[in-house]
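Let me begin by handing over the structure; questions about it come next.
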Amino acid sequence: MGMSKFQVELLKKIPREPEPYVTMNDMVKRIHDYWGKSSSVASKRRKVSNNLKKIDELYPKCIDIKREEHKKEHFFRMKATAPMLLAPMSQEQMMAFGLLSKFGTDLLTEKAHRALSPFFEAAQESAVDVARDAGYGVRASKDLARQWLEKIAVIPAVLPFCLPKVDESIKLIVHQALLLERRLQLKIVHSPSNEIEECEVSPLALVQQGVRTYLIGKKTGKRTVDHFLLARIIAAEDAYENLEYPKNWSLQKFLDQGIGHPNFPVEIYGKREHIELKIDADSQWLKETPLAANPVIEECKDGSYIMKVVMPITEELVHWLLSMAFHVKVIKPDYLVARLKDDLKKSAAMYK
């Protein structure tokens, strides 16, 4: 037995945990289009109450009802773990939420992840439906749905480092400040000195690089933008002040400069540079996944090749070139060649 149109509308108006509860009178007001002109408040409350009971019978343990006898009032909201009741997922939505459940929630708080659990469960149920529609039996469909995400993996380009621990309350406060565009009062532990700095910061962005998440922000009174490892923030409070935006702020331009510790003069970072590389014959995969779009490739007789690209200079690029030093030789620009020679000499000296 399905739900009536009124019950569907009722479900749409009930907030889901962690949103606050609503009262019976709140529910009456939220579905005002369903009342006749002569309906009394008492009759409206009875209709809402009776239909909520019917929904609770259809879908047990989905609606969280809190009673306060001294106020003679009931408070309602959907449980965070309640399944999605209003519509089945499309196959595209199934794929999106299924993959998100496995790979894409590191930026979220644990509560936010929990709030998404009904979508993740609905994606799993939709996967069962897809298998059944394809002609599989009930048991085989459940097995196929369970095994689907087990067959998909994402591996990092470098070693799989462990996630640094981030305080959940700090993560939530940072997200709220980004949304509401308000400054934050922060306490930050600096590495390697372990000194604690107290500062007021205008949060401009959150950036995840591998397993590390950074808050991008401008300290009050400072012209330049900094990045702060979220795991090093030990306290955060809403300063209830509007953001200070740096002049001509662009997140993409900031990211083009990289977020590694600078070794070159600051003006070099983010500069689009003509880079020329000599790549050995065993590294043909770089043609499939070049460092930048539209590379110019010149083949050599021995199977090696020259790759010419235009891309920003960053510390991340330097680190990658150092890791590929056995296969990739930088030909241009000269200052990048000199940097790599110096770093490689220092590395070799550590093993003498």
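The values are calculated or read from the model by the stated rules, or taken from the named source; none is laboratory data. Quantities reported herein were computed from a predicted structural model and do not represent experimental measurements. Every residue, glycine as well, gets a Cβ built from its backbone with ideal geometry; the counts of neighbours run over all protein chains shown. Remember, those area values only see protein heavy atoms, side chains included, never the ligands or the DNA or RNA. Shrake-Rupley method; radii C 1.70, N 1.55, O 1.52, S 1.80 Å.
Please report, in whole Å³, the volume per residue of the convex hull around the C-alpha atoms of region 267-352.
Cα convex hull per residue, to the nearest whole number: 104 Å³.
Using the structure shown, list the pairs from 12/66; 44/72; 54/79; 5/142 with a Cα-Cα distance above 27 Å, or answer none.
The answer is 5/142.
What residues qualify as long-range amide H neighbours of residue 213, i.e. H under 5 Å apart, gap of 5 or more or another chain, H built at 1.01 Å from N?
Amide H to amide H, under 5 Å and 5 or more residues apart or across chains, residue 213 pairs with 230, 231.
Now for a different question. Just to be sure I understand the model, the point goes 7 Å from the Cα along the line to the Cβ. What's the resulting residue 181 to residue 267 distance in nm?
Spacing of the two 7 Å Cα→Cβ label points: 3.3 nm.
Let me ask something else. Indicate the gyration tensor shape class of region 130-283 (rounded, prolate or oblate), computed on the Cα atoms with a ≥ b ≥ c the square roots of the eigenvalues: a/c under 1.5 is rounded; otherwise a/b larger than b/c is prolate and the rest oblate.
oblate
Considering only protein heavy atoms, what is the solvent-accessible area of residue 299 at a probe of 1.4 Å, reported in Å² to the nearest 10?
Number for this one is 120 Å².
What FRET efficiency do you get for residue 346 and residue 90 if R0 is 56 Å and r is their Cβ-Cβ distance, rounded to the nearest 0.05?
Approximately 0.55, to the nearest 0.05.
Counting only protein heavy atoms and using a 1.4 Å probe, what share of the accessible area of the chain belongs to carbon plus sulfur, as a whole percent?
Exposed carbon and sulfur together represent 54 percent of the surface.
With volume of the Cα convex hull per residue in Å³ in mind, check (i) 248; (ii) 162; (iii) 153 and report the label derived from this structure.
Checked against the structure: label (i).
Between residue 106 and residues 5 or more places away or on another chain, which pairs have amide H atoms under 5 Å apart, with H built 1.01 Å from N, and which residues are they?
none
With unit charges on the beta carbon (Lys/Arg positive, Asp/Glu negative), name the residue among 161, 201, 186 whose Cα is farthest towards the positive pole of the charge dipole of region 157-202.
161
How large is the accessible surface per residue of region 152-299, computed with a 1.4 Å probe and reported in Å² as a whole number?
Value for region 152-299: 64 Å² per residue.
Take the chain, connect every pair of alpha-carbon atoms lying under 10 Å apart with a spring to form a Gaussian network, then pick out the residue of 231, 338, 131 with the largest mean-square fluctuation.
Among 231, 338, 131, the largest mean-square fluctuation in the Gaussian network model of the chain belongs to 338.
Between residue 140 and residue 163, how many nm apart are label points set 7 Å from Cα along the C-beta direction?
3.7 nm
Once label points are set 7 Å from the Cα along Cα→Cβ at both residue 59 and residue 195, what is their separation, rounded to one decimal in nm?
Computed distance between label sites residue 59 and residue 195 equals 5.5 nm.
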